[in-house]
Amino acid sequence: MVASHPLGISFEFFPPNTEVGREKLTGVRDALLERNPRFFSVTYGAGGSTQGRTLSTVNQIREAGITTAPHLSCIGSDKDELRDLLAQYREQGIDSLVALRGDQPSGMGGVGELRYANELVEFIRTETGNHFEIAVAAYPETHPQAPNFEQDLENFVRKVKAGANLAITQYFFNADAYFYFVERVRALGVEVPIVPGIMPITNYTKLARFSDACGAEIPRWIRKQLEAYGDDNQAIADYGTEVISHLCRQLLDGGAPGLHFYTLNQATPCLRILDNLD
Ligand code: FAD
């Protein structure tokens, strides 16, 4: 997918749950394809809740002939289920994955047989050798459930060493957090590319809610300005474009190996940022 390729961008989608959403996604894909992405990826609902839709969305995106990686989470699944899914992906010619632990929705089943992403990566390598290029998640601002930064760092290193080819970060708005994280993991012997995850800003209320849940900090200077725009979505989008373009420039100038956009199935916010970056 990725790891061996120099600088590049990639785009993440979620599987739409309506026919209208599916049709719209083809247009979004085509608009983003013009920017020559390295790959697309498609998220996977916790506990396998979108399993069928993730695969059908991956196949829809792949019709354009571009590498598309399904995300795969292990929480709540047993090894047989994961083995079957990996076999299905192989049969269909899929050769890239984003491997995650995932989050179990409250009240939904047990934890499953694999407890953490490092165990999933190890399982994929044991079952399928080097067939898949595997990306894993990284958290420059620390995973919300981690007791501290240092332990989270060790856990990250463990999953890369289990056989990941690439890491994609949770989104963040503070470039220093990314640079510090990269410096620290390099010192621990991690050599794989660590691609910053980029979240375009389009809706402050949703962003604030989501950021609280996933542990991404919205700096005060951004928060105050977004709050001041109230319901003016155009002003939020314009300001968001400016702030995120600046962040992307800082990251690329500082040596980030690419950018992975959380598109939320919309092309325009990503295209506006990319236009600013030439
Ligand atoms: P892990 O790496 O397993 O880490 C989870 C927590 O456990 C961390 O606190 C870590 O420090 C700790 N830990 C890890 N290994 C060990 C160990 N061996 N022993 C003790 N503690 C350990 N969620 C979805 O449901 N679907 C998606 O498609 C999806 N895509 C994502 C894509 C990206 C790029 C990112 C950054 C996140 C994505 N997520 C997705 C969210 C992700 O599932 C959650 O953040 C989840 O809580 C952690 O998954 P992980 O793979 O990072 O877990």
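The values are calculated or read from the model by the stated rules, or taken from the named source; none is laboratory data. Quantities reported herein were computed from a predicted structural model and do not represent experimental measurements. Every residue, glycine among them, receives a Cβ derived from its backbone with ideal geometry; neighbour counts consider all protein chains shown. Side chains included, ligands, DNA and RNA excluded: accessible areas come from the protein's heavy atoms. Shrake-Rupley method; radii C 1.70, N 1.55, O 1.52, S 1.80 Å.
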Inter-probe distance in nm under a simple model that places probes 7 Å from Cα toward Cβ, at Asp238 and Arg35
2.1
In debye to the nearest 20, how big a dipole does region 178-278 give about its Cα centre with +1 on each Lys and Arg Cβ and -1 on each Asp and Glu Cβ?
260
Can you give the alpha-carbon Rg of region 27-146 over 2.2 N^0.38 Å, where N counts its residues?
1.08
For the modelled label position 7 Å from the Cα of Arg22 along Cα-to-Cβ, which residues of region 52-69 have backbone nitrogen atoms closer than 15 Å?
52-63
Student exercise, the chain dipole from Lys, Arg, Asp, Glu Cβ charges, in Debye to nearest 20
100
Scale the Cα Rg of region 122-168 by the rule-of-thumb value 2.2 N^0.38 Å and send over the ratio, two decimals.
1.24
Among Ala146, Ala213, Asn276, whose Cα lies farthest out toward the positive end of the dipole of region 139-278, if unit charges sit on the beta carbon of Lys, Arg (+1) and Asp, Glu (-1)?
Ala146
Calculate the length of the line joining the C-alpha centroid of region 133-179 to that of region 211-278, in whole Å.
20
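Mean separation of Cα pairs under 8 Å and 6+ residues apart, divided by the residue count of region 70-191: what relative contact order is that in percent? Let's see the in-between values first.
On the way: 159 pairs, mean separation 30.8, N = 122.
Relative contact order for region 70-191 comes out at 25 percent.
Test of understanding: what is the full-extension gain from Ala213 to Glu154, defined as 0.36 nm times their sequence separation minus their Cα-Cα distance? Kindly include the intermediate steps, with their values, before the conclusion.
Values: separation 59, 0.36 × 59 = 21.24 nm, distance 2.22 nm.
Here the segment from Ala213 to Glu154 would lengthen by 19.0 nm.
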List the GluC sites (Glu not before Pro) within region 96-196 that DSSP assigns to loop and that have no more than 14 neighbouring Cβ atoms inside 10 Å.
Glu191
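Lysine pairs in the chain 8 or more apart or on different chains: how many have alpha carbons under 29 angstrom apart? The partial results should precede the final answer.
Details: Lys24/Lys206; Lys79/Lys159; Lys79/Lys161; Lys206/Lys224.
Step by step, the pairs that qualify in the chain add up to 4.
As a test of the formula, what do you get for the chain when each DSSP H run with n ≥ 4 contributes -39,500 (n - 2.57) and the sum is divided by the residue count, at 222 nm and rounded to the nearest 500 deg cm²/dmol? Could the numbers behind the result be given before it?
Numbers: 10 runs with 128 residues, N = 278.
When only DSSP H runs of four or more count, the value is -14500 deg cm²/dmol.
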Would you mind calculating the relative contact order of the chain from Cα pairs under 8 angstrom and at least 6 residues apart, reporting the percent as a whole number?
19
Cα-based Rg of region 95-254 normalised by 2.2 N^0.38 Å, two decimals:
1.15
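Return one whole number: the accessible area per residue of the chain in Å², for a 1.4 Å probe. All intermediate terms of the calculation are to be shown ahead of the outcome.
On the way: 12870 Å² over 278 residues.
With all protein chains present, the chain gives 46 Å² per residue.
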